[in-house]
Amino acid sequence: MLERHLFTPDGRIRVRRMIITVVLLVAAALLGSVLVVLTPIWNGQQHIQTAWVIFAVFVLKFPLVGFCWWLIVRNKEWPGRPVVWSADETGQILEYLRAEARRAMDLPDASARLTYLSGEAWHVADRAEGTLKADAVGVALEIDRLLRDLRRPGRRTAGP
């Protein structure tokens, strides 16, 4: 239920709802801190004081801790495991690499940028599957061709 409330079906954050949820949880945790500070009011009434502290700490602060834990565990990317991108993410990455390669051609450090972008494109090609793998290889080869054309003797290079 929390997943549907805070995230769209494609996994994107519903920013307004997330902000409201976080603000409410932080406000409850801060109220819990204020209530703990006020614990001496119940001096001499051990049972009420105990219930007060349990309420202040567990009922008001624990939801924020639990929410943070849920967000951490929800992240599907764990260290040491390969990253898995959706088809949309892979397409966005490839489009970004294409656009950056075209933009880099007019910059003084075009060779270094294209070398970096080529490595990123080949990395995406290694991770992609199916038709996306072919698209990623095509982008990597396109960037490599731009880099080769840039380094070709006789071509004026940008820079000092």
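The values are calculated or read from the model by the stated rules, or taken from the named source; none is laboratory data. Bear in mind the structure is a predicted one, so any value in this text is a computation, not a measurement. Positions of Cβ are backbone-derived with ideal geometry, glycine not excepted, and every protein chain shown enters the neighbour counts. The protein model used for the area step is the full one, side chains on, heavy atoms only, and it has no ligands, DNA or RNA in it. Shrake-Rupley method; radii C 1.70, N 1.55, O 1.52, S 1.80 Å.
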Being among the acidic types (Asp, Glu) and more than 21 Å from the chain's Cα centre (by Cα) is the filter here; which residues of segment 107-125 pass it? ASP109
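Under the condition of being assigned to a helix (DSSP H, G or I) and not aliphatic (A, V, I, L, M), which residue from segment 78-90 is nearest to LEU132 (Cα to Cα)?
The initial filter retains those residues of segment 78-90 that are assigned to a helix (DSSP H, G or I), namely 87-90.
Narrowing the set further to residues that are not aliphatic (A, V, I, L, M) leaves 88-90.
Numbers: ASP88: 10, GLU89: 11, THR90: 7 Å.
The residue in question is THR90.
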Test each condition in (1) part of a helix (DSSP H, G or I); (2) touching a residue at least 24 places away in the same chain (Cβ under 8 Å); (3) within 30 Å of VAL22 (Cα to Cα) for SER118 and report the one that comes out false. (3)
Does segment 91-106 contain at least one residue that is crowded, with 17+ Cβ neighbours inside 10 Å, part of a helix (DSSP H, G or I), at pLDDT below 95 and more than 25 Å from the chain's Cα centre (by Cα)? yes
Any residue at all in segment 18-27 that is among the polar types (S, T, N, Q), within 28 Å of VAL139 (Cα to Cα), modelled with pLDDT of 85 or more and part of a helix (DSSP H, G or I)? no
Cβ contacts < 6 Å: first residue open to solvent by 50 Å² or more (accessible area, probe 1.4 Å), restricted to segment 17-36; second residue hydrophobic (A, V, I, L, M, F, W, C), any location; separation 6+ or different chain. Result? ARG17/LEU6; LEU31/LEU60; VAL36/ALA56
Right, THR39: more than 35 Å from the chain's Cα centre (by Cα) and open to solvent by less than 70 Å² (accessible area, probe 1.4 Å) or not? yes
For segment 48-65, check the following and say yes or no: at least one residue is without any contact (Cβ under 8 Å) to a residue 12 or more places away in the chain, open to solvent by 50 Å² or more (accessible area, probe 1.4 Å) and under 21 Å from the mean Cα position of the chain (by Cα). yes
Within segment 3-16, how many residues are surrounded by fewer than 11 Cβ atoms within 10 Å (Cβ to Cβ) and over 19 Å from ASP88 (Cβ atoms)? 3
Can you name every residue in segment 120-148 that is out of contact with any helix residue (DSSP H, G or I) (no Cβ under 7 Å at 6 or more places or on another chain) and open to solvent by less than 40 Å² (accessible area, probe 1.4 Å)? GLY138
